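The values are calculated or read from the model by the stated rules, or taken from the named source; none is laboratory data. Keep in mind the model is a prediction, meaning the values are calculated, not measured. Here the Cβ positions follow ideal geometry from the backbone for every residue, glycine too, while neighbour counts run over all protein chains shown.
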Amino acid sequence: MPSFKVDPISRIEGHLKIECVIDRVPELNNEYFVKECRAPVTMFRGFEIFMVGRDPRDALLFTPRICGVCPNPHSITSAMALDDAFDAMPPPAAILIRNIEEAAYYLYDHLIHFYLLIGPELGVIMGPEYGAPILPPVAGREGLEKGIGTHYAKCVEIQRRANEVVALWGGKFPHVTNYYPGGVLVEPTLERISKTLAALVPVWEFIAITHIQDILNLIEANERLKDVTEVVLGARVGLEDIGFGNGNFLSFGMMPNIDDYESDWLDTSKRNNSLFRAGAFYDGSRHPLDENKITEDIKYSFYDGEDGLHPWDGVTIPNKDKPGAYSWTKAPRYNGEVFEVGPLARMLNTFGMEWRIPRIHPITGEDYGDFVYRVRNPKGSILDRVVARAACVLVIANKVFEYINELVSLVKEGRTEVMNNKPVPREAKGRGLWEAPRGALSHWVKISDYKISHYQCVVPGTWNWGPRDSRDRPGPGEAALQCGTTWVPRLNVIEIANALYDGWGDILAEALTRLNPKYANLNMEPTDGGEYVNATIALLVVRSFDPCLACGVHIITPSKKTYVFEVSHGLCSV
Amino acid sequence: MNLSRRDFLRLVAVLGASYVLSKYKLDVIKVFAQAKDYIHICWLNGAACTGCSVSLAQAADPDLLEVLMSITTYTSGLPIALPDWMYVVHPASGTLAVEFINDWIKNETAGPKILVIEGAMQEEGYCETGGRDFRDWVIDAAGAADYIVAFGSCSSFGGIPHAKGNPTGAMGVQEFLEEVGMSDKAKGVINLPRCPGHPDSLILTLASLIQGVVPELDRYNRPLAFYGKNIHDEQCPFRAFYDKGIFADYGESEVGCRFKIGCKGPVTWADCPTIKWNDRTAFCIEVGAPCIGCSEPEWPDGDYAPFFKELTQVPTLLGYPAETWGTAFLGATALGVAVHFARSKLSGRKESESESKSEEVSG
């Protein structure tokens with residue numbers, strides 16, 4: 001069977017490549033589909049090693065630098081781990097400031113994923129009317145006047161406004177500095193609150209009106225895609241059919257309330273009332289989270305030790321000559337099973353399969369109509385992940401105005417304390433569990449003689465992009481790529497665009513090749529059989545997870561090392 | 001005003017980057033329009049968190065798209081000129097991406113070729129992209145570049161990945177190029193540290209380089225325009241509190257100097273208090289936090305760690321605790337002396353660095 005690879009993959013965070021074995025499927029017009037996939041992550045820095053021995057509070061400023069795309073979730077997760085270790089529950093104003101700052105951060109993050117990272121591919125699929133505003137402004141100012149790239153350009157501005165709110169409270173973005181065990185360092189002044197409110201209104205408008213309309217347009221354009229696949233493949237294959245997993249979804253929950261912080265939030269088996277709930281969604285419903293069921297396998301990782309250790313007990317004994325190993329990432333599992341994490345996991349655990357989210361303007365009260373969506377594929381798909389991300393961002397954009405109002409009330413009551421200051425403990429341990437945009441994030445810290453003696457981060461990048469586990473099961477990312485419906489066309493991007501919308505491909509070709517004639521070969525990859533295949537859909541599957549791989553803090557694939565990976569039903573050699 | 005090539009960054013040094021950008025934006029844009037080609041930028045990511053790319057996307061005036069549609073286009077006539085390669089925004093992946101990087105390395109261009117590096121260099125085997133070790137990409141690209149800009153603390157000095165223990169042998173680009181025998185290239189590296197790099201510092205540096213003017217650099221190859229002033233001594237709006245001996249504790253952001261909660265402003269040189277961040281919204285000290293000194297070569301170790309630990313050497317140099325500083329030495333002379341000591345300590349640190357590191361590890 002032929003194979004191809006894509007290395008490097010742009011428009012994701014971190015260094016990732018995919019290596020895919022493809023095979024013709026007779027039932028689908030003899031077209032190529034991904035049969036086997038491996039997705040090695042190719043960079044390692046070693047945070048868990050160099051954080052040991054430091055002042056525990058340094059973790060607040062080290063861990064955000066694990067990832068500059070999602071630094072804030074690491075800030076708050078390390079703060080919660082230290083709250084726990086220092087036995088310092090943050091006062092209500094601090095909880096609200098954390099919520100507001102994290103909410104503003106989320107608005108930036110989910111938006112840039114849609115417009116800057118996955119948007120160029122979606123724009124092609126969405127066609128000249130719906131897709132043109134999504135595309136990058138490839139035709140410059142003139143093009144913007146004609147509507148090419150207008151939403152992309154607006155997103156560049158809006159994400160900046162959202163991050164100005166992060167900076168108002170955090171000092172700067174990326175890498176805020178206002179977190180502290182037991183609260184925050186920044187005070188809730190009326191100036192900060194009013195500036196926050198002013199900045200977030202246009203952000204809400206962009207999300208609730210423009211972005212949600214783009215999502216509705218995508219859902220409509222997806223039907224057009226199925227008309228084409230019906231002809232080309234002989235089956236109506238849409239974005240909801242591609243890139244599914246096993247139907248297991250894990251969420252740690254985020255954005256607690258101030259009135260039941262202790263009773264609901266701090267008990268991770270509850271988290272029923274937080275904006276997003278914690279839970280393990282399987283067999284079609286949510287089950288309470290049990291943080292003791294989080295384990296990491298190392299069978300295919302370059303570590304000695306045991307499979308199935310909890311992060312409290314996890315050991316990191318590197319052995320790069322370990323037979324059979326192919327990655328330096330461990331494979332996290334929940335209750336021994338593969339679980340996908342991310343926006344779809346958050347939405348399923350919080351709202352189930354059908355979502356109804358209001359769009360009422362926070363200032364004028366104007367009603368733009370509910371955004372309603374029923375999950376198309378209960379096992380996940382390109383479409384469901386993209387829509388879930390938009391639904392998450394709308395939920396957060398609505399809620400942040402409530403947090404602002406609550407903070408105003410506290411300030412009026414004079415309850416402005418933001419810190420429950422406790423000394424660094426001599427011996428302690430603590431953990432923080434939160435949702436990064438890309439999914440469940442947890443930090444596990446042990447303090448010994450006032451210093452960090454153990455720091456483990458179990459991050460979305462490893463949940464979704466870890467290697468095979470002790471039972472040879474691929475993680476969610478690799479599984480989604482080899483789910484059977486990842487079509488690898490021989491038509492190029494231009495031809496597909498023309499098939500979707502008459503003349504659309506020619507317009508794209510003209511704009512792109514003006515920048516560089518080589519763009520005619522966009523996403524075309526050679527197979528080892530000498531053919532050229534189009535990796536666009538495989539890349540859509542990858543980007544639907546919004547991979548963020550610097551987070552894979554202990555991940556490495558050594559260079560110049562070849563390995564053969566044996567699976568029960570075939571051979572994937574790279 | 002005609003913003004000439006002569007003293008562009010000298011102007012920045014005098015007036016502050018923030019002021020220059022807001023006042024002379026059109027001139028900044030105009031100076032790019034002098035050649036027949038677009039600006040060929042190759043942006044490579046090593047041991048990075050991508051925060052520097054994200055930081056560039058926070059540039060406000062001009063913003064990222066203005067830069068790409070007005071500045072990097074030069075006089076090419078193109079509607080928009082992307083960097084020849086930049087991981088985070090580029091349309092291409094895979095084979096085509098590798099081709100674009102190689103084209104940038106091989107092809108002669110009319111305009112200058114600028115290499116921007118984000119993230120640290122490491123020992124072989126820790127970072128691989130496009131089928132090659134990142135070190136090899138940098139060696140080839142540095143050889144072809146007219147200018148090399150290390151954007152952010154990691155590519156400048158090693159940053160977070162080179163924190164004590166440094167399991168991957170992380171270092172800055174300049175040190176790496178020295179190590180692989182490219183000293184002449186190493187000498188020219190322009191370091192724009194801070195974690196993340198400040199977008200305006202990059203845009204203004206590119207503006208200067210495109211005119212053929214290398215900015216005036218300090219001993220760590222940082223442009224004096226952005227790194228010429230001490231945070232505590234010359235810029236901090238909370239400085240008056242220090243002089244009066246009023247110090248903030250944890251969670252009291254509006255009143256008091258942050259010295260007692262570990263502020264490293266006295267040993268940090270950067271223009272954060274004036275340029276601020278995110279469209280001049282705030283900077284670390286303003287939100288009640290200490291400056292952690294992220295623009296300095298030793299960061300995150302040496303004097304800069306632990307982040308929340310009070311700096312010891314400034315007050316102890318003169319033998320007085322910080323509380324009595326203001327009342328005892330209201331005059332600037334004493335402060336100047338302290339800063340002088342701090343500076344000379346910084347400059348003399350290189351030799352003793354490895355020694356003190358091994359001490360701290362064993363301790």
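Of these, B:P306, B:P273, B:P300, which one is modelled with pLDDT of 50 or more, surrounded by 24 or more Cβ atoms within 10 Å (Cβ to Cβ) and outside the structural domain of B:A120 (by TED's automatic domain parsing)?
Values: B:P306 fails: surrounded by 24 or more Cβ atoms within 10 Å (Cβ to Cβ); B:P273 fails: surrounded by 24 or more Cβ atoms within 10 Å (Cβ to Cβ).
Among B:P306, B:P273, B:P300, only B:P300 is modelled with pLDDT of 50 or more, surrounded by 24 or more Cβ atoms within 10 Å (Cβ to Cβ) and outside the structural domain of B:A120 (by TED's automatic domain parsing).
When both residues are 6+ apart or on different chains and their Cβ atoms are under 8 Å apart, which pairs have a first residue that lies in segment A:371-398 and is closer than 15 Å to A:N246 by Cα, and a second that is surrounded by fewer than 23 Cβ atoms within 10 Å (Cβ to Cβ) and basic (K, R)?
Hits for this filter: A:D384/A:R376.
Is it the case that segment A:426-444 has a residue that's among the acidic types (D, E), within 22 Å of A:N178 (Cβ to Cβ) and assigned to a loop (DSSP other than H, G, I, E, B)? Steps first, answer last, please.
Our first condition is that a residue be among the acidic types (D, E); within segment A:426-444, this holds for A:427, A:435.
With the extra rule that they be within 22 Å of A:N178 (Cβ to Cβ), the set shrinks to A:435.
Of the ones still in play, those that are also assigned to a loop (DSSP other than H, G, I, E, B) are none.
No, every residue in segment A:426-444 fails to be among the acidic types (D, E), within 22 Å of A:N178 (Cβ to Cβ) and assigned to a loop (DSSP other than H, G, I, E, B).
Select from segment B:82-98 the residues that are assigned to a loop (DSSP other than H, G, I, E, B), more than 7 Å from chain A (Cβ to nearest Cβ) and more than 17 Å from A:A520 (Cα to Cα) and list them in ascending order.
Within segment B:82-98, just B:P83 meets the criteria.
So, A:L144, is that one in a helix (DSSP H, G or I) and either closer than 21 Å to A:C67 by Cα or out of contact with any helix residue (DSSP H, G or I) (no Cβ under 9 Å at 6 or more places or on another chain) (or both) or not?
When the stated conditions are applied, A:L144 does not pass them.
Of all the residues that make up segment A:455-505, how many are assigned to a helix (DSSP H, G or I) and either within 27 Å of A:F249 (Cα to Cα) or small (G, A, S) (or both)?
So the count comes out to 15.
Is there a residue being surrounded by fewer than 21 Cβ atoms within 10 Å (Cβ to Cβ), free of Cβ contacts under 8 Å to residues at least 24 places away in the same chain and assigned to a helix (DSSP H, G or I) anywhere in segment A:523-530?
Among the residues of segment A:523-530, not one is surrounded by fewer than 21 Cβ atoms within 10 Å (Cβ to Cβ), free of Cβ contacts under 8 Å to residues at least 24 places away in the same chain and assigned to a helix (DSSP H, G or I), which makes the answer no.
Suppose we filter A:V52, A:V34, A:V69 for residues that are in contact with a Cys (Cβ under 7 Å, 6 or more places away or on another chain), β-branched (V, I, T), at pLDDT below 95 and farther than 22 Å from B:E124 by Cα; which single one remains?
On the way: A:V52 fails: in contact with a Cys (Cβ under 7 Å, 6 or more places away or on another chain); A:V34 fails: at pLDDT below 95.
It is A:V69.
Restricting attention to segment A:160-183, and to residues there that are more than 7 Å from chain B (Cβ to nearest Cβ) and touching a Phe, Trp or Tyr at 6+ places or on another chain (Cβ under 7 Å), which single residue is surrounded by the most Cβ atoms within 10 Å (Cβ to Cβ)? Full working, then the answer.
Taking segment A:160-183 first, the residues more than 7 Å from chain B (Cβ to nearest Cβ) are A:161-162, A:165-166, A:176, A:179, A:181-182.
Right, trim to touching a Phe, Trp or Tyr at 6+ places or on another chain (Cβ under 7 Å) and you get A:162, A:166, A:181-182.
Details: A:A162: 29, A:V166: 32, A:P181: 30, A:G182: 21.
Looking at the filtered set, the residue picked out is A:V166.
Given the structure, is A:T210 surrounded by fewer than 24 Cβ atoms within 10 Å (Cβ to Cβ), in contact with a Cys (Cβ under 9 Å, 6 or more places away or on another chain) and in the same structural domain as A:F545 (by TED's automatic domain parsing)?
Spelling it out, A:T210 is indeed surrounded by fewer than 24 Cβ atoms within 10 Å (Cβ to Cβ), in contact with a Cys (Cβ under 9 Å, 6 or more places away or on another chain) and in the same structural domain as A:F545 (by TED's automatic domain parsing).
Just checking, which of A:L508, A:L540 is closer than 23 Å to A:T486 by Cβ, at pLDDT 95 or above, out of contact with any Ser or Thr (no Cβ under 8 Å at 6 or more places or on another chain) and part of a helix (DSSP H, G or I)?
Testing whether each residue is closer than 23 Å to A:T486 by Cβ, at pLDDT 95 or above, out of contact with any Ser or Thr (no Cβ under 8 Å at 6 or more places or on another chain) and part of a helix (DSSP H, G or I) leaves just A:L540.
Only residues that are within 22 Å of the chain's Cα centre (by Cα) and either modelled with pLDDT under 90 or surrounded by fewer than 19 Cβ atoms within 10 Å (Cβ to Cβ) (or both): list them for segment B:30-46, please. Steps first, please.
Residues of segment B:30-46 that are within 22 Å of the chain's Cα centre (by Cα), as a first pass: B:39-46.
Result: B:I39, single match.
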